[in-house]
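Take a look at the structure set out below.
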Amino acid sequence: MTGFENWNRGFKAWKKWGDILYTQDSIYNVHGARLTLAHYQDAMDDNLKKVNIQMGDFNSMIIVDKYAAIRYEIKTAGRTGTVMEFVEFKDYGDELGTRVVEGWGGPKDDSYEDMCKFQGDEEKAVQQQQIDKMLNYIIPSVTNLNQKYKIEYEIEYTEPHDIRILNIILEGIDKWNAGITAYESWLDNSYDSNAISYDSRIQSNRNMAKYKEEMETLTQKNLIEKLYFDHIIIRDNWAGIHYRYRMKDRQTEEISVGDRMQFLKFEGEDSNLKIVSSWVK
């Protein structure tokens with residue numbers, strides 16, 4: 001919250017706070033582009049010289065162990081938007097205290113190319129390794145979903161409530177990969193009939209009927225495989241997830257890779273937990 005306050009006071013205030021929040025080894029992935037602290041600060045300085053970006057209210061903040069997932073509003077000239085971030089922290093001890101190890105500021109989007117201009121050779125090489133991994137990734141042929149869909153930054157969940165939510169999420173990605181019919185069946189079982197899904201691409205809420213219609217259109221045009229997770233962060237009735245996918249255009253056969261972030265709200269007893277709200281970016 002201090003970081004948001006300092007961002008809204010201007011670049012110099014935010015950079016000064018960043019020297020406390022981060023270390024020189026911290027990494028921030030901004031809309032898919034991997035940046036060191038110095039390059040991240042350079043990119044934000046460049047952005048703020050072009051447009052005044054004000055960070056607004058937090059919609060969600062999920063903190064478990066050393067991980068955090070946040071969803072918040074931003075305002076620029078004549079526009080509002082929603083940003084999702086995932087962050088890994090570490091307690092370095094001594095005078096450093098708790099600082100950011102790595103952050104993911106939004107999934108890959110239209111600003112990706114501009115962000116890549118700030119990268120050094122090492123950052124570009126590591127990022128290319130990630131892209132190659134997704135292009136060549138083979139989903140394990142096993143029935144155990146915890147083994148089938150790897151979570152890169154894994155949290156151990158032991159409470160039955162958390163495990164139930166985790167299983168619903170893993171089932172969802174598996175049913176998607178099984179085809180639109182299997183996925184729609186999962187939606188019927190896992191989403192409340194009055195659930196609302198919000199997608200940042202179209203800036204609107206959809207009911208389940210509209211969401212199904214959009215997914216049918218999407219899968220007619222593209223073959224999309226959901227590969228593995230970066231994060232699944234669960235607390236109480238909330239989950240923040242960040243996953244990687246590979247997409248093939250059915251007409252051109254062009255293959256691309258990317259990531260998506262999503263926040264889910266659950267309600268109901270553990271034996272009948274349902275998703276009542278979903279926010280996707």
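Since every read-out is calculated from the coordinates, none of them should be taken as a lab result. Predicted, not measured: the structure shown is a model, and the values here were computed from it. Note that each Cβ is placed from the backbone with ideal geometry, even for glycine, and that neighbours are counted across all protein chains shown.
Data overview
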item	result
Flag if N205 is in contact with a strand residue (DSSP E or B) (Cβ under 9 Å, 6 or more places away or on another chain) and exposed (fewer than 15 other Cβ atoms within 10 Å of the Cβ)	yes
Subset of region 26-61 (residues that are among the charged types (D, E, K, R) and surrounded by 21 or more Cβ atoms within 10 Å (Cβ to Cβ))	R34
Scan of region 174-225 for residues that are in a strand (DSSP E or B), under 23 Å from L145 (Cα atoms) and of a type in the set (A, V, I, L, M, F, W, C), ordered by number	L223, I224
Output for region 118-153, where each listed residue is under 18 Å from I27 (Cβ atoms) and part of a loop (DSSP other than H, G, I, E, B)	F118, Q119, G120, E152, Y153
Within region 215-273, considering residues that are of a type in the set (S, T, Y), within 19 Å of S200 (Cα to Cα) and surrounded by 13 or more Cβ atoms within 10 Å (Cβ to Cβ), the one nearest to the chain's Cα centre (by Cα)	Y243
Lone qualifier among K108, K148 - being more than 21 Å from K66 (Cα to Cα), surrounded by 15 or more Cβ atoms within 10 Å (Cβ to Cβ) and touching a strand residue (DSSP E or B) at 6+ places or on another chain (Cβ under 6 Å)	K108
Unmet requirement for Q119, which otherwise passes all of (1) within 19 Å of the chain's Cα centre (by Cα); (2) closer than 26 Å to T36 by Cβ	(1)
